[in-house]
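**Student:** Below is a structure I'd like to ask you about.
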Amino acid sequence: MVYGGWEGHEPKQTADVFAPLLEDAGFEVTLSDTMDSFLDGDLMQSMSLVVPCWTMGQIEAEQEKGLREAVESGVGLGGWHGGMCDAFRNACSYQMITGGQFVGHPDGIKDYTVNITAKEDPIVAGIPDFQMHSEQYYMHTDPGNEVLATTTFEAESAPWVSGTVMPVVWRRIWGEGKVFYSSLGHVAADYEVEEAKEIQRRGLLWAARD
């Protein structure tokens, strides 16, 4: 788990929500506060899963190359909210891997519904639609994503986007690697919503290399 960037997204605190859950699942979790971890090829190849939790910031070309090559070789990639899909705005090739990029959150913190759309998928199976009180992410997304949950916008500050159905949770394949993302998780307290926490836990386990 590589954390840093904008502190408003509580990168260390949100990483600390999922580190023990991954440990409970049998993983040895390494926490790093530097993107130079991506430069260590042996370290990256020893990983089953990389969890970026780094809102905004700049990734250097060689750092991005190390991460991309790891995923393409089969290392999983999984994350949440801005820590994964509002990271490294300078790196379009990184955005191609993740399958989406944050572009706005009309109305800021608000109440909204998350609708489970792939009800038979094991990542979301048995989880009903649920409510969030947080940022509702408006995103540019890859049409190749396998979408598992969506949300519908009703935006007072941008009424022209009202009615837009936006992916919230998706998974995809990049090279030999599995990629999972959820736009939930603005701050650690968002994971007091058990449905959001369980989807993220299952998604990270799915993405991890066997």
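The values are calculated or read from the model by the stated rules, or taken from the named source; none is laboratory data. Every value quoted in this text rests on a predicted model; they were computed, and no experiment measured them. Don't worry about glycine lacking a Cβ; one is built from the backbone with ideal geometry, like all the others, and counts go over all protein chains shown.
**Student:** Tell me, please, whether a residue that is surrounded by fewer than 19 Cβ atoms within 10 Å (Cβ to Cβ), in contact with a Gly (Cβ under 9 Å, 6 or more places away or on another chain) and not hydrophobic (A, V, I, L, M, F, W, C) can be found in segment 78-88.
**Tutor:** First, pick out the residues of segment 78-88 that are surrounded by fewer than 19 Cβ atoms within 10 Å (Cβ to Cβ): none.
No, there is no match, as no residue in segment 78-88 is surrounded by fewer than 19 Cβ atoms within 10 Å (Cβ to Cβ), in contact with a Gly (Cβ under 9 Å, 6 or more places away or on another chain) and not hydrophobic (A, V, I, L, M, F, W, C).
**Student:** Let me ask something additional. For segment 137-189, what are the residues that are free of Cβ contacts under 8 Å to residues at least 40 places away in the same chain and in contact with a His (Cβ under 8 Å, 6 or more places away or on another chain)?
**Tutor:** TYR138, the sole residue that qualifies.
Let's see how each residue does on (1) closer than 24 Å to GLN13 by Cα; (2) aliphatic (A, V, I, L, M):
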site: ALA70; (1), (2): no, yes
site: TRP80; (1), (2): yes, no
site: GLY99; (1), (2): no, no
site: PHE102; (1), (2): yes, no
site: GLU154; (1), (2): no, no
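**Student:** Checking the conditions here, which among GLU23, GLU28, GLU72 is more than 20 Å from ARG89 (Cα to Cα), modelled with pLDDT of 95 or more and in contact with an Asp or Glu (Cβ under 8 Å, 6 or more places away or on another chain)? Write out each step before concluding.
**Tutor:** Details: GLU23 fails: in contact with an Asp or Glu (Cβ under 8 Å, 6 or more places away or on another chain); GLU28 fails: in contact with an Asp or Glu (Cβ under 8 Å, 6 or more places away or on another chain).
Selected residue: GLU72, the only one of GLU23, GLU28, GLU72 that is more than 20 Å from ARG89 (Cα to Cα), modelled with pLDDT of 95 or more and in contact with an Asp or Glu (Cβ under 8 Å, 6 or more places away or on another chain).
**Student:** So, one more: Of the conditions (1) loosely packed, with under 15 Cβ neighbours inside 10 Å; (2) among the β-branched types (Val, Ile, Thr); (3) part of a helix (DSSP H, G or I), VAL17 clears all except one; give me its number.
**Tutor:** Every condition holds for VAL17 apart from (1).
**Student:** Of everything in segment 113-140, what is buried (at least 21 other Cβ atoms within 10 Å of the Cβ) and of a type outside the set (D, E, K, R)? Give them in sequence order. Walk me through how you get there before you give the answer.
**Tutor:** Taking segment 113-140 first, the residues buried (at least 21 other Cβ atoms within 10 Å of the Cβ) are 114, 116, 123-124, 132, 134-137.
Listed by number, the residues that qualify are VAL114, ILE116, ILE123, VAL124, MET132, SER134, GLN136, TYR137.
**Student:** For segment 81-114, what are the residues that are under 14 Å from the mean Cα position of the chain (by Cα) and aromatic (Phe, Trp, Tyr)?
**Tutor:** Start the filter on segment 81-114 by keeping residues that are under 14 Å from the mean Cα position of the chain (by Cα), which leaves 81-88, 94-102.
The answer is PHE88, TYR94, PHE102.
**Student:** While we're here: Considering each residue of segment 22-47, count those that are surrounded by fewer than 17 Cβ atoms within 10 Å (Cβ to Cβ), hydrophobic (A, V, I, L, M, F, W, C) and over 23 Å from LYS65 (Cβ atoms), and give that number.
**Tutor:** Start the filter on segment 22-47 by keeping residues that are surrounded by fewer than 17 Cβ atoms within 10 Å (Cβ to Cβ), which leaves 23-34, 36, 39-43, 45-46.
Going one step further and asking which of them are hydrophobic (A, V, I, L, M, F, W, C), we end up with 25, 27, 29, 31, 39, 43.
Checking the rest, the ones that are also over 23 Å from LYS65 (Cβ atoms) come to 25, 27, 29.
Number satisfying all stated conditions: 3.
**Student:** Considering only residues that are assigned to a loop (DSSP other than H, G, I, E, B) and over 18 Å from ALA207 (Cβ atoms), which ones fall in segment 119-149? Talk me through it step by step, then tell me what you get.
**Tutor:** Let us first name the residues in segment 119-149 that are assigned to a loop (DSSP other than H, G, I, E, B), namely 119-129, 136-137, 142-145.
Of everything in segment 119-149, those that are assigned to a loop (DSSP other than H, G, I, E, B) and over 18 Å from ALA207 (Cβ atoms) turn out to be LYS119, GLU120, GLY126, PRO128, ASP129, GLN136, TYR137, PRO143.
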